[in-house]
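Quick notes on the structure that follows.
The values are calculated or read from the model by the stated rules, or taken from the named source; none is laboratory data. Worth saying up front: this structure is predicted, and the values here are computed from it rather than measured. Cβ placement follows ideal geometry from the backbone for every residue including glycine, while neighbour counts extend to all protein chains displayed.
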Amino acid sequence: MSCTSSSEKTLDLNTEASPNTSLGLDQAIESKLDSLLGIMTLEEKIGQMNQYNGFWDLTGPQPKEGAAAKKYEHLRKGWVGSMLNVRGVKDVRAVQKIAVEESRLGIPLIIGFDVIHGYKTMSPIPLAESASWDMEAIKKSAEVAALEASAAGINWTFAPMIDISRDARWGRVMEGGGEDPFLGAKIGVARVQGFQGEELSANYTIAACAKHFAGYGFSESGRDYNTVDIGTSTLNNIVFPPFRAANDAGVKTFMNSFNELNGIPATGNKMLQRDVLKGDWNFTGFIVSDWGSITEMIAHGYAKDGKKAAELAANAGSDMDMESYLYVEHLADLVKEGKVEEKLINDAARRILRVKYELGLFDDPYKYCDEKREKEVLGSSENNDAVLDIAKKSIVLLKNENQLLPLKKEGQKIALIGALASDKNSPLGSWRIAADDDTAISVLEGMQQYKGNSLKYAKGADVSIGNTAFVTETKINTTDKGELGEAIKAAKDADVVVMVLGEIGFQSGEGRSRTELDLPGVQQELLEAIYKVNTNIVLVLNNGRPLAIPWADEHIPAIVEAWHLGTQSGNAIAQVLYGDYNPSGKLPMSFPRNVGQVPIYYNYKNTGRPTEPAPDIVFWSHYSDQKNSPLYAFGHGLSYTTFEYSNLKVTTENQSYNNPKVLVSIELANTGDYEGKEVVQLYIRDLFASITRPVKELKGFEMISLKPGETKTVNFELDKETLGFYDNKNTWIIEPGEFEVFVGGSSDKTMKSTFELK
Ligand code: BGC
């Protein structure tokens with residue numbers, strides 16, 4: 001595996017005729033593209049590069065003036081290639097009809113939507129799903145999302161988001177696969193495969209979009225849209241791998257990002273879009289800008305006005321303008337003035353039209369517009385079963401002292417406390433535009449189905465004041481503890497207290513960064529007040545990001561990470577609490593002890609001063625007021641049973657660093673009383689390299705199911721795909737030398753061995 005350096009790559013746009021066959025393109029489609037492009041005017045080609053947001057009541061009269069009227073006119077002229085946020089068969093059919101029946105060439109629109117974790121039936125938020133480490137389940141969840149979205153007229157999702165992030169302050173970590181590029185790449189591929197399926201032209205699959213290219217997860221200080229300034233090695237080895245993998249898996253589109261990367265906004269970044277993605281990686285789909293990100297290059301201080309922004313974005317390789325209105329306004333003039341070459345316009349239009357052909361839109365522009373199917377598919381019981389399955393798999397058991405969990409099914413008095421316990425909206429999470437409000441199963445409803453115990457619910461205190469899509473810190477309840485008394489009473493009386501605390505659904509997501517990672521509002525006080533009267537507490541966390549909960553970790557015997565789990569949330573949580581599902585999730589992001597540790601991640605570099613040289617010597621890489629280690633490590637997650645690892649063996653079958661083959665095996669035994677699943681994780685460390693390597697890097701994992709008393713040998717193979725890294729020219733290299741290999745059930749609990757490549 002090697003690739004040329006971006007700087008050496010020359011562009012082969014080959015736009016006047018079909019691109020060469022080595023890219024694996026369908027030549028029948030390419031020749032149709034030749035014919036179509038041959039009859040399109042410059043304005044019509046630029047029109048394909050223009051995407052508008054949904055703009056008027058499609059069932060009402062045509063708009064006569066204002067922005068909506070202009071968009072309508074553009075649609076009829078064939079100056080719109082795509083629309084987003086038009087959803088539902090009726091509305092999609094209406095816009096498609098204008099494009100197909102009223103424009104000169106009748107080119108169908110591609111209809112985009114943020115199908116981030118489900119459409120109507122919501123799956124867990126992507127960060128939660130990532131905690132399943134179960135690629136089949138993740139793929140299935142994307143399949144269900146595609147099934148529903150396509151039945152509602154949509155044929156393109158702006159997902160998966162595969163931005164690696166190490167910063168829990170950033171609200172968008174809820175949308176991604178966590179902190180690790182190896183796991184993140186696998187998750188990205190599973191989601192692309194789920195959305196696009198085996199057959200993109202089927203009416204139940206949709207085009208996927210790998211976003212945001214690139215570096216958005218490294219926004220400084222976790223503040224959304226902020227500057228990104230990262231080194232080449234981090235870009236090549238941490239940020240790029242999931243995108244590279246998504247491209248290899250055939251993702252049809254990419255979205256660029258709001259952030260600048262090392263001084264150049266991603267939207268106007270030629271290195272990212274033309275040199276790396278369309279050059280080195282031979283990406284044949286198209287790149288859409290992020291919402292208004294072409295215009296935002298003015299605010300970034302990169303383009304002096306809209307016209308310049310359009311020029312920079314088009315030349316850099318942004319094929320479609322989402323809601324900046326700048327391509328449609330300026331590109332034709334820019335071509336005439338010689339500032340943008342026409343062949344770049346041809347290339348962009350070809351890429352966009354290619355995806356439309358691949359979707360089958362030219363064969364039948366209304367293929368996603370079947371009211372009967374829409375009615376049958378949306379919210380079906382099969383879809384609910386599927387999201388319940390992935391919801392259970394996403395739950396992570398963080399702590400379980402004295403086997404407080406699973407709960408006994410009979411004869412117990414249970415107090416259920418917390419506003420989130422009865423909340424039917426929060427579990428839907430952020431990014432759930434098409435879901436109906438208050439349609440999730442709450443924890444209360446889930447637990448009520450277990451009739452053998454007495455269950456008493458008391459809210460305790462609200463998390464937020466009002467429950468809107470725009471919850472900010474100012475709307476968090478920091479004062480009202482009016483119902484605390486009732487909760488204390490219920491707790492005093494109970495054998496076990498289940499407390500559901502955390503963030504409401506809209507506290508994470510885009511534009512929702514936080515500077516604190518604690519339990520918001522008065523919830524910490526509520527937790528401590530209940531603990532004073534009953535220490536037998538199971539804390540169920542609902543949240544869209546890692547939280548810092550050191551007090552809870554020290555005092556509360558059982559802690560369950562239940563994220564925002566989607567429509568079936570309460571059922572999934574109840575089934576786990578009662579042991580009908582034995583939790584198997586593992587954290588895809590480190591949980592810090594406090595905000596000051598962030599960014600915190602398991603694959604850090606050693607530094608020159610990694611350890612305390614002698615007691616009380618301060619000059620080593622540490623904090624004077626807190627440990628370096630996280631509260632819960634990447635990969636951590638318990639089960640109701642116990643697993644024991646033994647007999648780690650490493651055999652170097654081929655020691656040559658050019659073509660290494662290293663076999664690793666370990667024995668895993670279920671030493672507890674329950675059948676359970678364990679994600680066995682393999683990490684390596686390349687001890688000395690021409691570019692320093694992290695102290696641990698995930699390079700393999702296997703989900704193993706074991707009955708009580710059962711033992712299995714788990715095997716891994718390390719080769720040139722796993723033992724190398726990208727150098728600063730973005731070339732994959734492997735070097736001879738010593739390696740450590742670690743295997744275990746968490747990044748911080750592993751057995752270790754070594755081997756050498758020569
Ligand atoms: C987000 C994208 C999203 C787009 C369209 C932007 O604000 O950054 O991820 O796909 O809006 O809704």
In the set Leu388, Leu378, Leu359, the lone residue that is in contact (Cβ under 8 Å) with a residue 12 or more places away in the chain, buried (at least 19 other Cβ atoms within 10 Å of the Cβ) and in contact with a helix residue (DSSP H, G or I) (Cβ under 8 Å, 6 or more places away or on another chain) is Leu388
Residues in the range 695-716 that are over 14 Å from Leu663 (Cα atoms), of a type in the set (S, T, N, Q) and in contact with a Leu (Cβ under 8 Å, 6 or more places away or on another chain): how many?
-> 1
Selection from the range 695-742 of residues that are assigned to a loop (DSSP other than H, G, I, E, B) and charged (D, E, K, R) = Lys696, Lys707, Glu710, Asp719, Lys720, Glu721, Asp727, Lys729, Glu735
So which residues in the range 286-312 are away from the ligand (no atom under 16 Å from the Cβ) and in contact (Cβ under 8 Å) with a residue 24 or more places away in the chain?
-> Tyr302, Ala303, Gly306, Lys307, Ala309, Ala310, Glu311, Leu312
Could you run through the range 81-93 and say how many residues are within 16 Å of the ligand (Cβ to nearest atom) and either part of a helix (DSSP H, G or I) or under 19 Å from Val328 (Cα atoms) (or both)?
-> 4
Among the residues of the range 60-76, is there at least one that is hydrophobic (A, V, I, L, M, F, W, C) and closer than 18 Å to Leu359 by Cβ?
-> no
Kindly indicate the residue of the range 289-327 that is part of a loop (DSSP other than H, G, I, E, B) and buried (at least 24 other Cβ atoms within 10 Å of the Cβ) and also modelled with the lowest pLDDT among those meeting that condition.
-> Ser324
When residues of the range 692-713 are limited to those that are within 26 Å of Ser629 (Cβ to Cβ) and out of contact with any Phe, Trp or Tyr (no Cβ under 7 Å at 6 or more places or on another chain), the one surrounded by the most Cβ atoms within 10 Å (Cβ to Cβ) | Glu702
Can Leu334 be described as within 23 Å of the chain's Cα centre (by Cα), more than 15 Å from the ligand (Cβ to nearest atom) and free of Cβ contacts under 8 Å to residues at least 60 places away in the same chain?
-> no
Over the range 668-690, the set of residues in a loop (DSSP other than H, G, I, E, B) and more than 17 Å from Lys707 (Cβ to Cβ) is Leu687, Phe688, Ala689, Ser690
Counting just the residues of the range 206-224 that are surrounded by fewer than 24 Cβ atoms within 10 Å (Cβ to Cβ), of a type outside the set (Gly, Ala, Ser) and touching a residue at least 40 places away in the same chain (Cβ under 8 Å), which one comes out farthest from Phe258 (Cα to Cα)?
-> Arg223
In the range 620-667, the residues that are exposed (fewer than 14 other Cβ atoms within 10 Å of the Cβ), small (Gly, Ala, Ser) and farther than 30 Å from Trp551 by Cα = Ser646, Ser656
Restricting attention to the range 207-230, the residues that are hydroxyl-bearing (Ser, Thr, Tyr) and part of a helix (DSSP H, G or I) number exactly 2
So which of Leu147, Leu127 ends up being away from the ligand (no atom under 16 Å from the Cβ), closer than 27 Å to Leu183 by Cβ and at pLDDT 95 or above?
-> Leu147
Among (1) closer than 30 Å to Leu378 by Cβ; (2) in a strand (DSSP E or B) - the single one Lys424 does not satisfy = (2)
Of the residues in the range 203-244, how many are within 16 Å of the ligand (Cβ to nearest atom), closer than 30 Å to Tyr366 by Cα and among the β-branched types (Val, Ile, Thr)?
-> 1
Which ones in the range 167-183 are in contact (Cβ under 8 Å) with a residue 60 or more places away in the chain and within 16 Å of the ligand (Cβ to nearest atom)?
-> Trp170, Gly171, Arg172, Val173, Met174, Glu175, Gly177
Among the residues listed as Ile116, Ile164, Ile111, the single one being assigned to a strand (DSSP E or B) and within 16 Å of the ligand (Cβ to nearest atom) | Ile111
Per the list (1) free of Cβ contacts under 8 Å to residues at least 12 places away in the same chain; (2) over 22 Å from Pro630 (Cα atoms), residue check on Asn582 breaks on (1)
Residues located in the range 336-350, provided they are assigned to a helix (DSSP H, G or I) and either over 20 Å from Asp34 (Cα atoms) or in contact with a Ser or Thr (Cβ under 7 Å, 6 or more places away or on another chain) (or both) | Lys336, Lys343, Asn346, Asp347, Arg350
